[in-house]
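Q: One structure, as structure tokens, below. Some questions next.
Just so it is clear, none of the values below were taken in a lab; they were calculated from the coordinates. Keep in mind that what you see is a predicted model, and the values were worked out from it rather than measured. Using ideal geometry, Cβ is built from the backbone for each residue, glycine included, and neighbour counts are taken over all protein chains shown.
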Amino acid sequence: MDEMEEELKCPVCGSFFREPIILPCSHNICLACARNILVQTPEAESPQSSRASGSGVSDYDYLELDKMSLYSEADSGYGSYGGFVSAPTTPCQKSPNGVRVFPPTVPPLPQAQHHLLPHTGVLPPVPRNSCLTCPQCHRSLTLDDRGLRGFPKNRVLEGVVDRYQQSKAAALRCQLCEKSPREATVMCEQCDVFYCDPCRLRCHPPRGPLAKHRLVPPAQGRISRRTSPRKTSTCTEHELENLSMYCVQCKTPVCYQCLEDGKHSTHEVKALGAMWKLHKGQLSQALNVLSDRATEAKEFLVQLRNMVQHIQENGVEFEACLVAQCDALIEALNRRKAQLLSRVTKEHEHKLSVVRDQISHCTVKLRQTTGLMEYCLEVIKENDPSGFLQISDALIRRVHMTENQWGKGSLSPRMSSDFDLTLDSGPLLQTIHQLDFVQMKVPAAPILQLEECCTQTNSATLSWKQPPLSTIAVEGYILELDDGNGGQFREVYVGTEMICTVDGLRFNSTYKSRVKAFNSSGVGQYSKTLVMQTSEIAWFTFDPATAHPDIILSNDNLTVTCNSYDDRVIMGNTGFSRGVHYWEMTIDRYDNHPDPAFGIARADVMKDVMLGKDDKAWAITDGGISKGATVGVLLDFSRGILLFLINDEQQGPVAFNTLEGMYYPAISLNRNVQVTLHSGLPVPDFYTPGESEAAGSVC
């Protein structure tokens, strides 16, 4: 629990929180420290008028003398005189955490009034319009007439501090020993005094009325003394009302009177117990995520420490290789050898320095995270709903913020343990003076970025990157795919880009892909093999991007017409280069006997003439078409055949001598025709594919 100790110390005095209050910014501060750093604004009233009017006086503004005696000069910077806190010897000073502490603006009372202090035990009130600056976020807060009473007490934090101090406290001492108090052996619950054995026999004999007193072990007595039931939480606006509801808009517990005539009357409110359980659940969930991050951080620290050892081992090994190479050369190499060793040592020290710095930084963050976790776990143990809800939102935000700090970048090494240096010992004696390290090796295997690799219909997009921390130069990449049927890999891309889309693949096929990098030193190793599945069927739509401007599309690009009397061409958004494919088109409108054409085309076909008028397309324009007719198109790459069907009647094949490259479904039509596309259809029963298709290439 040592890591949690930072969460339990006041940012002003640096000591454990005593009577902590919650500021509107969700930070905490000791009540006495809050009074010490108060600054009176220019429009504030004088202390005398504030005391005379009696306004703004509260229980928080009056501190009992016996409580003030607990605060030492080291904590607040004030000395005691006549029961009041006197002004410091300097206008302001700094706390252990560097916060500037200002003296109270209330002057000491006349000496004649000092005799009243032992009986009243109060201090003068805080002046009106005083300003309090949060020592952590530096947000300025102006106090209202209630003074410091307007800030609720953080009873949960007070309880956590209490338990923490109990666990860290030293052995209890007798309270009646005059010199060198001995260790207490019992505690009287009625007298509330700790006794050692001699003092118990002398001052608390077991006879008379004392015989009925109950003596318990010191530890049990400490717990019973410190864990007495806390007072029921009361509203800061209405002191006689208990907190019973929770304002969702203001995120604070409220009482019934606040809902009836206060500022929360129009706000959404929920039951205090329900919100207590909800926030406890949210904090527990956030802690689970943060716990996972902390576990990753611990594993990462182990990895970094192992890297230190690997760097040292690799450095020793590298130095040995370097010495062996240099010793194999003639006497002239010895003068250069010392310089090369110096560079290796410098690189070695640089890597160690970077990794050790990262270890130190990560250790500090992990210590803070662990402390926050332990503090939150202690807070969750509290059974005070209102006190918990006063700090739960802030704790949940802190947990989320701390979890976000453990991002991907924070748990990645900043330095590689490998030495990317190679000594070239091939040059002749006359080039010894130019002998230097060559920072060139074959590239490492690229890493496929799975989140960016995908398939769409019959195309595949692959993306890759160089391994992190790799400093080896890369001149290009080679992407390879197999034939989709377990065959040999073939090169489909060579270039400098790290993303590539391959079109024209078979439908319903499984492709394997891999990539490797190369430079002037050679070709590196392959990446891991990625397996991708193309779409089961050739589903496609009309492509508005390649259509003629006169084309009009609707029905999710499945229905097409034209606003011109001339023929215009539109193609599908998917091309084919292999396999057997079949699709149909229904005639929705057919006026004045136009001549629509149906077929296939290359990507560079002319778009302003009838389909089939150039050598980039093949189509059918025969009669027999009417409104409601269905036109089927069957494309078989293995046989080089293009078949047409009108209302399921075959119109005869069109044979090609060569059918290579990428072809797209296409039609041409004018404003008298409207056509709807139906894709992804099975091959008609009457057609028997070729041998290669029957073996599994039919799509």
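Q: Where the centre of each part is set by its Cα atoms, how far does region 400-419 sit from region 452-471, in angstrom?
A: The two parts, judged by their Cα centres, are 23 Å apart.
Q: Ok, one more. Can you tell me how region 569-613 classifies by the Cα gyration tensor, rounded, prolate or oblate, using a/c under 1.5 as the rounded cut?
A: Since a/c reaches 1.5 but b/c is at least a/b, the shape of region 569-613 is classed as oblate.
Q: Suppose we look only past 22 Å in the calculated P(r) of region 551-697. What percent of the Cα-Cα pairs does that tail hold?
A: 35
Q: Using alpha carbon centroids, what distance separates region 510-527 and region 248-298, in Å?
A: Going from one Cα centre to the other spans 54 Å.
Q: While we're on this one: For region 337-343, just list the computed ³J(HN,Hα) in residue order, Karplus coefficients 6.51, -1.76 and 1.60, θ = phi - 60°, integers in Hz, with x standing in for Gly and Pro.
A: Rounded to whole hertz, the list is 4, 4, 5, 5, 4, 5, 5.
Q: Can you bin region 537-626 into rounded, prolate or oblate? Criterion: square roots of the alpha carbon gyration tensor eigenvalues sorted a ≥ b ≥ c, rounded for a/c under 1.5, prolate for a/b above b/c, oblate for the rest.
A: Rounded, because the longest to shortest axis ratio a/c is under 1.5.
Q: Could you order the peptides 552-560, 468-476 from most to least packed, using the average number of other C-beta atoms within 10 Å per residue?
A: Most protected by this proxy first, the peptides run 552-560, 468-476.
Q: Just the ratio, please: alpha-carbon radius of gyration of region 273-434 over 2.2 N^0.38 Å, N its number of residues.
A: Normalised Cα radius of gyration, region 273-434: 1.70.
Q: Right, here's the next one. Could you let me know the centre-to-centre spacing of region 190-221 and region 573-599, using Cα atoms, in angstrom?
A: The two parts, judged by their Cα centres, are 104 Å apart.
Q: What does the charge count near residue 197 come to, summing +1 for each Lys or Arg and -1 for each Asp or Glu among other residues with Cβ under 11 Å from its Cβ?
A: Residues near residue 197 contribute +2 overall.
Q: Which ordering of 453, 10 is given by a fewest-first count of other beta-carbon atoms within 10 Å?
A: 453, 10
Q: While we're looking at this one, here's another question. Using the per-residue mean of other Cβ atoms lying within 10 Å as a proxy for protection, in what order, highest first, do the peptides 569-580, 197-208, 182-193 fall?
A: By packing density, highest mean first, the sequence is 569-580, 182-193, 197-208.
Q: Length gain on complete extension for the stretch residue 306 to residue 533, per 0.36 nm per residue less the alpha carbon to alpha carbon distance?
A: Full extension of this stretch gives 77.7 nm more.
Q: Averaging over all projection directions, find the projected area of the Cα convex hull of region 447-533 and quote it in nm² with one decimal place.
A: Averaged projected hull area, Cα only: 5.6 nm².
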